[in-house]
1. Helix A:439-466 sits at what angle to the longest principal axis of chain A, using alpha carbons and giving 0 to 90 degrees rounded to 10?
2. Count, for each residue of A:418-424, the Cβ atoms from other chains sitting within 10 Å of its Cβ, then give me the mean as a whole number.
3. Return the percentage of antiparallel bridges among DSSP beta bridges fully within the protein assembly as shown, rounded to the nearest 5 %.
4. Return the average number of partner chain Cβ atoms within 10 angstrom of each residue Cβ along peptide B:47-59.
5. Per residue of B:152-162, what is the mean number of Cβ atoms on other protein chains within 10 angstrom of that residue's Cβ?
6. Measuring from the lowest to the highest alpha carbon on each principal axis, how far does the range B:4-250 reach, largest first, in angstroms?
7. How much of the DSSP bridge set in the range B:4-250 is antiparallel, in percent, rounded to the nearest 5?
8. Classify the range A:702-782 as rounded, prolate or oblate from the Cα gyration tensor: take a ≥ b ≥ c as the square roots of its eigenvalues, call it rounded if a/c is under 1.5, otherwise prolate when a/b beats b/c and oblate if not.
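Read-outs: derived from the displayed coordinates by stated rules, not from any lab. From a predicted model like this one, the values you see are computed outputs, not experimental measurements. Cβ placement follows ideal geometry from the backbone for every residue including glycine, while neighbour counts extend to all protein chains displayed.
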């Protein structure tokens, strides 16, 4: 009977940890990565959402926010809206819409100037480092506060100048950037339109100035943000609430655009959700791989040490003792890794928030969601512990008698599939034979490589789809493909404009587009109107050819519960008409809240002769887009608005994507190293005898190392190939489900052999490099080890 | 007179473990002659296996000089030693030590492939022939775990011979075998010696000792005595045993 049970287990545990420290370190690193990634993702996900909601409530954003202009007496409109039973009250924030430029770059979209009134709308100002706030409660004349996202879009710093073009003549107003403020709606770099805070006196001055500019010349205009709060007793959905207000008041006549609070959250949280989503997916892959690696390690260890277990059993140790030692060994690595990851995440939460502020526009709270994180980690711990418990059960089946009588031996059954051992590629043949005879040992590595390649391939596909400069993403968000857009604001010489364009690049094709705010069955959407409806990206059905046909997005179809063939009432400027849905099309603009019509259809409800048309051009040379835009802006100034197929939020997404890809490759490399560390060491231990035999018959260490490396090369190549096939078959469908959240109806990447193979080649090479490195232990295998094992 | 195959001068072998040094071989000077069936024997722990592995270059000597066919191999690199093992040396161990996932034929052929002495077809033909000669032709396509101890050991001898080595080193080759297998293996080694193969064998099995024509007795890491015998014939077995027993008794073995 073994006396002092705890003491003896402690000795075994200490020796076990020393002996298997490589495995335990590997588990530590794996769990660190899991814990760090998971808790960081939970922190970002929890805090971002709750902070945006909190700030929107604090700053008085209601269930619906409507941007209105040209209202004669907004008080009347407010009273009309507040008279509805479903409306609790309406908050009003006066603003001025105006185009602007920073450091010579004109904005694509208008900005909105807001008077800072801290008693009513207490915006938070960030300090210079953007890692905290300062307590300023006033803005001086000539000063302006901007969103931190402007830094990433325009590279604007404190002290720079923002120019607002109030008219076609020289009514320019300049402000000096004093600092940054948090804007819970337009703060994100994902959103083109930006808010600017100025002093009340400056606001009044601007208002007066605008009112004195002639209608012909004025570019800026006054408006209001109406924050509409739904009554607590009302149970309307956001869409129905919007519909009711539009149909029962005159709001629709003045609305430039309307957003529900949920769509605002969506806009603000896109980048955080992408990043957190990526981390969650990564954690899932890591957990699966941890389980595979642990299973491999446990099986190998028990197989190699079964004799020791038998001997210990003869000394009185029970299976319970031995299993406890095993579990504690593995848990020591797992738990310490989890704790280290948790601590790392707590310390780095502030850094993550500070790093992302120029994209998100908000200083995310660093309050750690302890409860969620601990519950999540405990759940993972339970899963891993249960798995270990099941795997080490084989210890119960080791009988001391079998060990003593030598009953258990390393008998191999016949190898069912055998390769020929070839002299010409001896190392490769021997590697192949090892794989075929020990398939179980390598199965886990095959699965790991499949998962890694699949993961890389999915991220790579997203990157390919986005495009190196975001052009792929733009095509998804754009109504139709184009390189350059020119919108005349008055009569201009379009031929002259096209001559300038042609001097840089050939115009391959052109069409006209107008984007107008409309009401569809009482709900505000944007109508994308083209003079040639063949340009729309059709997902199902057919394009809108007739003047009584429209297209809708999948988002609108879901929002209004309609399908192809149904009829919708589209209203604009007091006119309305019924249109039949001819098809579903792709346009992720406004998160998919848009419809499409041809010019003839729009003419039934709108004025097609006003300056609403933007000429879009497809050019032979995309690289000249920015130069052409600058030339046109300098030549025609405020007579036209020019844009390329880009948007300010794009840089944020492209940068985030590049960051994700760099991180992913780094983590995959670390990951492969851990896998090799865990599996390679076990394999070398198990094959000590065979390695010495090869040396005794004249194999050099390098030749044996090559055979060892080839093994990993072969099995990883097989797993990678499976990963390529699975990713090509399923990745687009999986990603489609995710991107639907952003209004993207379809995700598809053209097959590219190089892009498909690249992840497999990368993973295989890295595996082989690390396998070769870790095989340096073969040099230390001495032939005398055959006699003295 | 036979030429010197292996020459060891002032060989020392010291094992170090955690600052504790143990001298296993002390100032051994010995020549292993071509064509001899040399037996090294002694009590357990005397250093006989250590001497075998030192003379074969398997284990690095602490000091001294080791030559094979006049080449100083004690300074050889790993690559040079590997070439030597592939082309000039054959090894037979007490535990068969065949690669577990290669068949008996493949175990022999792979040893032939690693040497550059013969072409692929010659290696394959020779491997089959050797296995036939070792009476394991029926088991050549089986894995070592699917064969008996005797079959495995005979295949190991075939592997040792595939490249027509200058010398075969055997460490207690019959130690793990039963009586009939022991006799079979000893007969094979004797036959090889008769055909000119040089053999250096470590054993403490008296039946094996009598097969050698030159016996070296090692005690406390030193060769203290030597006995030369005529080549083995079965009819002389009894007298050889008697001679060897007397010799061993004189050293109080």
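1. 10
2. The mean count of partner-chain Cβ atoms within 10 Å per residue comes to 4.
3. 75
4. Mean shielding by partner chains, rounded to a whole number: 2.
5. If you average over the peptide's residues, the count of other-chain Cβ atoms is 1.
6. Here the spans come out as 46, 45, 35 Å, largest first.
7. Here the antiparallel bridges make up roughly 60 percent for the range B:4-250.
8. In terms of gyration-tensor shape, prolate.
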